[in-house]
Amino acid sequence: MPTITIDRELCKGCELCVYFCPKKLIRMDPGFNSRGAHFSCLRDPEQQCSGCAICAKICPDVAIEVWR
Ligand code: SF4
Ligand code: SF4
C-alpha cells in the first residue's frame with residue numbers, strides 16, 4: 001500500500017500539501033520543529049494513500065517522500 005513520509009525538519013508549515021491532497025490525508029501537527037514551524041503529518045497512516053505524489057510535487061521544500 002502506498003504511503004508518504006514527511007521530514008518535519010524540512011517542513012516550514014505552508015500547508016500546501018494539506019490543501020492539495022485529493023484524499024485529505026494530511027493535517028498540521030500542533031507541535032513545532034527545531035526551526036519553530038508547525039509541520040504536517042498523515043492524519044492516519046492506515047488510511048488509503050493512492051501514491052499520486054501530488055503532495056510531494058507541490059511541497060516547495062521537498063519534505064515529502066512517496067513510497068509505492
Ligand atoms: S500521495 Fe496523494 S493521496 Fe497520498 S498523501 Fe500525497 S497527495 Fe494524498
Ligand atoms: S507542502 Fe511541504 S513545507 Fe508545506 S506543509 Fe506540506 S510538507 Fe510542509
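Restricting region 45-68 to residues that are among the aliphatic types (A, V, I, L, M) and within 12 Å of I26 (Cα to Cα) leaves a set whose member that is nearest to ligand 1 (Cβ to nearest atom) is I54.
When V62, V18 are checked against the criterion of being at positive phi and near ligand 2 (Cβ under 9 Å from one of its atoms), V62 stands alone in meeting it. Within region 53-63, one or more residues are basic (K, R), more than 12 Å from K12 (Cβ to Cβ) and surrounded by fewer than 14 Cβ atoms within 10 Å (Cβ to Cβ). From (1) in a loop (DSSP other than H, G, I, E, B); (2) of a type in the set (S, T, N, Q); (3) near ligand 2 (Cβ under 10 Å from one of its atoms), pick out the condition that doesn't hold for S40. The one condition S40 does not meet is (1). Among the residues making up region 50-59, those that are under 13 Å from V18 (Cα atoms) and in a loop (DSSP other than H, G, I, E, B) are A53, C59. Considering M1, M28, the condition of being loosely packed, with under 14 Cβ neighbours inside 10 Å and of a type in the set (A, V, I, L, M, F, W, C) is satisfied by M1 alone. Checked against the criteria, S34 does not count as small (G, A, S), under 21 Å from M1 (Cβ atoms) and either part of a loop (DSSP other than H, G, I, E, B) or touching a residue at least 60 places away in the same chain (Cβ under 8 Å) (or both).
State which residue is surrounded by the fewest Cβ atoms within 10 Å (Cβ to Cβ) when the search covers only region 9-25 and only residues that are out of contact with any His (no Cβ under 7 Å at 6 or more places or on another chain) and more than 20 Å from Q47 (Cα to Cα). For region 9-25, the residue satisfying everything is E9. Is it true that R68 is basic (K, R) and touching a Ser or Thr at 6+ places or on another chain (Cβ under 8 Å)? In short, no.
Throughout, read-outs are computed from the coordinates displayed, never taken from laboratory work. This structure is a prediction, so every number in the text was calculated from the model and none was measured. Every residue, glycine among them, receives a Cβ derived from its backbone with ideal geometry; neighbour counts consider all protein chains shown.
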